[in-house]
Amino acid sequence: MAKYLAQIIVLGAQVVGRAFTKALQQEIQASQAAARSAGGGKRGAKAAAANSLTGMTTEEAQKILNVSKIDEEAINKQYEHLFKVNDKAKGGSFYIQSKIVRAKERLDQEIEEVNEAASRKKIKDGAEKQGT
């Protein structure tokens, strides 16, 4: 009896080990694909890190909030509406509310990165004008 129990434990550990390894490989592949789709380089690495932190891409976040472009005003309007509609007190879903919050956080990060890039470009262009 103990022999069979030991075999079951060993087989179970092997199955769990294989599943963990496969999940890890898929996560690595997904991270690499996200970095490639975001344009590679520093921008791709930043996007992959942001995707990893929030658990979603900008495309997913746009779909959740139902916005076609990254426009701060439209994002805020959709966020407010969807958050209120999905209030648990009104029969909504806490899960959906949390997805809405994560989507807004992801798009806010994207807006911040775009604004920082524009600011750096403006500074660089100003420095070049002074140099000429």
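The values are calculated or read from the model by the stated rules, or taken from the named source; none is laboratory data. Note that the coordinates shown come from a computational prediction; the quantities given were computed from them, not determined experimentally. Quick reminder, even Gly has a Cβ in these numbers, built from the backbone with ideal geometry, and neighbours come from all protein chains shown.
Restricted to region 92-132, and to residues there that are among the small types (Gly, Ala, Ser) and either part of a loop (DSSP other than H, G, I, E, B) or within 14 Å of Asn66 (Cα to Cα) (or both), the residue that is modelled with the lowest pLDDT is Gly92. Out of the residues in region 60-71 that are modelled with pLDDT of 90 or more and surrounded by 15 or more Cβ atoms within 10 Å (Cβ to Cβ), which is farthest from Gln26 (Cα to Cα)? Looking at the filtered set, the residue picked out is Val67. Taking the numbered list (1) surrounded by 13 or more Cβ atoms within 10 Å (Cβ to Cβ); (2) modelled with pLDDT of 85 or more in turn, Ala89 passes all entries but (1). Under the condition of being modelled with pLDDT of 85 or more and of a type in the set (Asp, Glu), the residues counted in region 1-59 number 1. Selection over region 73-96 of residues that are farther than 16 Å from Glu59 by Cα and either among the hydrophobic types (A, V, I, L, M, F, W, C) or under 16 Å from the mean Cα position of the chain (by Cα) (or both) gives a count of 6. If you go through region 92-132 and keep only what is of a type in the set (Lys, Arg) and surrounded by 15 or more Cβ atoms within 10 Å (Cβ to Cβ), you end up with Lys99, Arg102, Lys104, Arg106.
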